[in-house]
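Here is the structure we will look at.
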């Protein structure tokens, strides 16, 4: 919630239905795999217990025996590739790294490799990408202090945990391996008797990244000039690194969340009194059901906030925020097959649905507002694998149709105040590009049918 980009909201501010592919597509993996070690000659063959997709994804993957001072655990369920508005295939997930030794461990790099061909490096996360205090946004600062803040170095003291944000991109789906593993390159304890850290590397944490296909949904809004603020996938914006500790677990329900903000004809977010919600272009815009579903919960009791003020950072408003009200007025829809949609920061009194209602795709359900921990009117939208905002993992998805209108510069956003004063349409294309079955990436400028 202390990130320098607005709106700072939330807790930090399929193609078809899911179905099994022969290799690349399998049902949505909604339960985390439990890894059980089974000894083999010269290594450990990973087997799993629980979800069938996870069983198939890592079955037979061998991790060589080694003393591993830093242990690695995936945060969240197996995942799958999706197409972004850059027309590339993306895979995003998080890892928890814990130094379980008695000596400090300094991480130098992490190689993401094809787990079945570990000499094939998918990508290397370098020292500069792990920690760079001088990088405000982009492909940097992927090593996070928990629950989630920017790290100042890559040293894990004994007993300390950090999170690592992993974002992969491929030109074609055939380039996506079924399972990846992670080679840690570090200086640390080479064994229990070690007295001094020494250079070492080892393989860890096989993870299924082909466990399903993204759900195809319709847009939650209508009209042109919507900006995907705080969208996936770089750091420096609130959602991607927004790991939270709730209900005894570490989750990242906002990994693929977007704060939708609308621009006016001149590229402005508001016109007139910047402290008045009514001055904001998107305020009061109808919000729509993205698919057929059932309303599982609603909240419609939170009053509107004042633009330019993020309640979490205000000494008076901050203590009044609760885990029930942090996302403001909201609606959660059960879309079936283990997928829920969450709409947040809605106007009080605008909800057109109640718990238990069945809704159809395209049905109006509320209007865009500025409630909860929000400093500007916008719609926070995400898909997740559970009905609770506090106990869910974020799920990637794609929109069935939109027009790609360009890209807002992150430098322009970084220079803006908390009201988002100024204009943001400098990167708008002369003519929009029709897109289908893609997810708009962070700061994409898009138009929605209708």
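No lab work stands behind these numbers, since they all come straight from the coordinates. The model shown is predicted, which means the values in this text are computed figures rather than measured ones. Heads up, the Cβs are rebuilt from the backbone with ideal geometry, glycines too, and the neighbour counts pull from every protein chain shown.
Per residue, the convex hull spanned by the Cα atoms of the chain amounts to 137 cubic angstrom.
Multiplying the residue separation of residue 265 and residue 337 by 0.36 nm and removing their Cα-Cα distance gives an extension gain of 21.9 nm. Stokes-Einstein diffusion for region 214-448, with the hydrodynamic radius set to the Kirkwood value over Cα pairs and evaluated at 25 °C in a medium of 0.890 mPa s, equals 139 µm²/s. Only Cα sites of region 344-397 enter the Debye sum here, all with the same form factor; the resulting log10 I(q)/I(0) across q = 0.14, 0.24, 0.31 1/Å is -0.47, -1.20, -1.15, listed in q order.
Taking a virtual spin label 7 Å from the Cα of residue 324 along the C-beta vector, which residues in region 347-361 bring their backbone nitrogen under 16 Å of it? Zone members listed by number: 355. Projecting the alpha carbon convex hull of region 304-393 along each direction and taking the average yields 6.1 nm².
Region 254-268 and region 111-145 have Cα centres separated by 28 Å. Computed from the C-beta positions of residue 100 and residue 401, the FRET efficiency with R₀ = 51 Å rounds to 0.60. Just so you know, the Rg over Rh for region 66-208 is 0.97, from Cα atoms, with Rh as the Kirkwood radius.
Annotation for residue 195 and residue 303: the two label points, set 7 Å from Cα along the Cα-Cβ direction, are 6.7 nm apart.
Helical content alone sets the calculated 222 nm signal of the chain at -1000 deg cm²/dmol, taking -39,500 (n - 2.57) per DSSP H segment of four or more residues and averaging over every residue.
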